[in-house]
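S.K.: So that we are looking at the same thing, I have put the structure below in structure tokens.
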Amino acid sequence: YRTKVTEAMAHDLKTPLAAIAAYAESLESFPGDAPKTAEYTAKITEKVEVMDHMIEDILALSKVGGPL
């Protein structure tokens, strides 16, 4: 049960993260305020990567069967 819940939770988190990453990539080519656009996209991308690693850790933990 715990494994299924963890996998479902990770899937639910990964879907919006993929959308955020796509928006960040799109902002990089936006012809607006270049310095701010670059700053914001870098922060978005950084946070997406951090959350992605956290999700991978959760999935790995669920496969080992350890406590959450």
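S.K.: Taking into account only those residues within region 11-42 that are at pLDDT 80 or above and among the polar types (S, T, N, Q), which is nearest to ILE58 (Cα to Cα)?
M.R.: Result: THR15.
S.K.: With the requirement that a residue be more than 21 Å from TYR1 (Cβ to Cβ) and of a type in the set (Asp, Glu), what does region 11-55 give you?
M.R.: Selection gives GLU25, GLU28, ASP33, GLU39, GLU46, GLU49, ASP52.
S.K.: Out of LEU61, LEU68, report the one residue that is assigned to a helix (DSSP H, G or I), modelled with pLDDT under 80 and in contact with a helix residue (DSSP H, G or I) (Cβ under 8 Å, 6 or more places away or on another chain).
M.R.: None of the other options fit; the residue is LEU61.
S.K.: Another one. Note down all Cβ pairs under 8 Å where the first residue falls in region 15-30 and is over 13 Å from GLU49 (Cα atoms), the second is exposed (fewer than 14 other Cβ atoms within 10 Å of the Cβ) and at pLDDT 80 or above, and they're at least six residues apart or on different chains.
M.R.: Hits for this filter: GLU28/ALA38.
S.K.: OK, next. When residues of region 3-47 are filtered for being among the charged types (D, E, K, R), assigned to a helix (DSSP H, G or I) and open to solvent by less than 100 Å² (accessible area, probe 1.4 Å), how many remain?
M.R.: Count: 5.
The values are calculated or read from the model by the stated rules, or taken from the named source; none is laboratory data. Bear in mind the structure is a predicted one, so any value in this text is a computation, not a measurement. A quick note on method: Cβ atoms are made from the backbone with ideal geometry, for glycine too, and the neighbour counts reach across all protein chains shown. Surface accessibility is based on the protein's heavy atoms, side chains included, excluding ligands, DNA and RNA. Shrake-Rupley method; radii C 1.70, N 1.55, O 1.52, S 1.80 Å.
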